[in-house]
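Reading through the structure tokens given below for one structure.
A short reminder: the numbers here are calculations on the coordinates, not readings from a lab. Computed from a prediction, not measured in an experiment: that's the story for all the values here. Here the Cβ positions follow ideal geometry from the backbone for every residue, glycine too, while neighbour counts run over all protein chains shown.
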Amino acid sequence: MSRLLPALVAATTVLLSACGSDDGEMSSAPPKPVAAQPADFPSARGKTLAQLTRGVSPGVILKVASLHSQSPGRNRFAFALVDRADKQLDVSGVALYTASEDGERVHGPYVAHKESLDVSTPYRSRLTASDLDSGDTFYVANPTFKSRGKHRVIGLARLDGRLVVADSPGPPVPVGLKGGPPNVGDKAISVHTQTAADVGGDFEQITTRVPPAPDLLSTDFADVVGKKPVVLLFATPALCESRTCGPVVDIAEEVRAEYGKGVTFIQNEIYVDNNPAKGPRPQVKAWRLPSEPWAFVIDRRGRISQRFESVFSVGELARAVGKVK
């Protein structure tokens, strides 16, 4: 499993999970955060990446979270911004630009909005504080890739009143990988997921979250897919290489309790017997997952409505759930 982000900022006090609001009502999903305007950034028209960034200071590192989920067309692209000391940065605005591997055929700007891995106190697990040691902020843009193959992605960010380049030290972003996870619009892959009943109520066999979230472990995916809306989350809070599994399981539990009436939420661990040496569980293999975590929002017809690779926020998941309820 590839490491996609640095460990993100500590949430504060860790308490046991709670479920639902005091009056039993479902809240409205948080609105999408406001982004900067494309006019706030240089146009890519007729430029190469070298021309676009000429005279702009470097120094910001773009860490890609959505490395395996890009395809031709419009995409969700999540990323973090850090300095050279790997300290997370909070910028006033950032936009992405895409280009061919040689830096030609540049498109953009695709402005990004800010999201957070933070959750309300009642839904924070015991592992989340350490998982978020270096920041909980990330950014989401919606670039359009014109073709399959390898593409370069850079950002231009406004930091302390000046424009700076946010470049990625990693390899080019692969677009349209064959044999990867199912995409939006695809039919969900039916698999059996273990429930508490299958293991005699021994939650430690089917989740590494501390404490367990029982409502994420009570339904077999095969029993509900194609019959009702489902959120299927593949994540291993205690064993996650990307250090984002704990926070997103907490986020799924908050969305289930606060916004998820009528939708089934399921967590599936990554490794057989929760032991990385034994390799991925059969459900992970069946869904062809190259990394962790992943979340799939599936409508009542069994079609994937939205998918999230690595990081997502309460607002993002709640808004996606609202579209399939």
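Ranking Val321, Val34, Val82 by Cβ neighbours within 10 Å, fewest first, what do you get?
Ascending number of Cβ neighbours within 10 Å: Val34, Val82, Val321.
Calculate the length of the line joining the C-alpha centroid of segment 34-99 to that of segment 116-182, in whole Å.
Centre-to-centre (Cα) distance: 10 Å.
What's the exposure ranking of Thr219, Thr98, going from fewest to most Cβ atoms within 10 Å?
Starting with the residue having the fewest Cβ neighbours, the order is Thr219, Thr98.
Sorted from fewest to most neighbouring beta carbons within 10 Å, what does the list Glu104, Glu316, Glu115 look like?
Ordered by Cβ neighbours within 10 Å, fewest first: Glu104, Glu115, Glu316.
Using a 7 Å offset from the Cα along the Cα-to-Cβ direction at both Ser190 and Asp102, what is the distance between the two label points in nm, to one decimal?
A separation of 4.9 nm, rounded to one decimal place.
Longer than 18 Å from Cα to Cα, which of Lys32/Lys228; Lys32/Lys146; Lys32/Lys323 are they? Say none if no pair is.
Exceeds cut-off: Lys32/Lys228; Lys32/Lys146.
Can you give the FRET efficiency for Asp220 and Lys146, using 1/(1 + (r/R0)^6), R0 = 45 Å, r = Cβ-Cβ distance, to the nearest 0.05?
0.65
At R0 = 25 Å, how high is the FRET efficiency between Ala286 and Glu241 if r is their beta carbon distance? Nearest 0.05 is fine.
That pair, Ala286 with Glu241, gives E of 0.75.
Hey, what angle do you get for helix 245-259 against the long axis of the chain, alpha-carbon based, 0 to 90 degrees rounded to 10?
Its long axis makes an angle of about 70 degrees.
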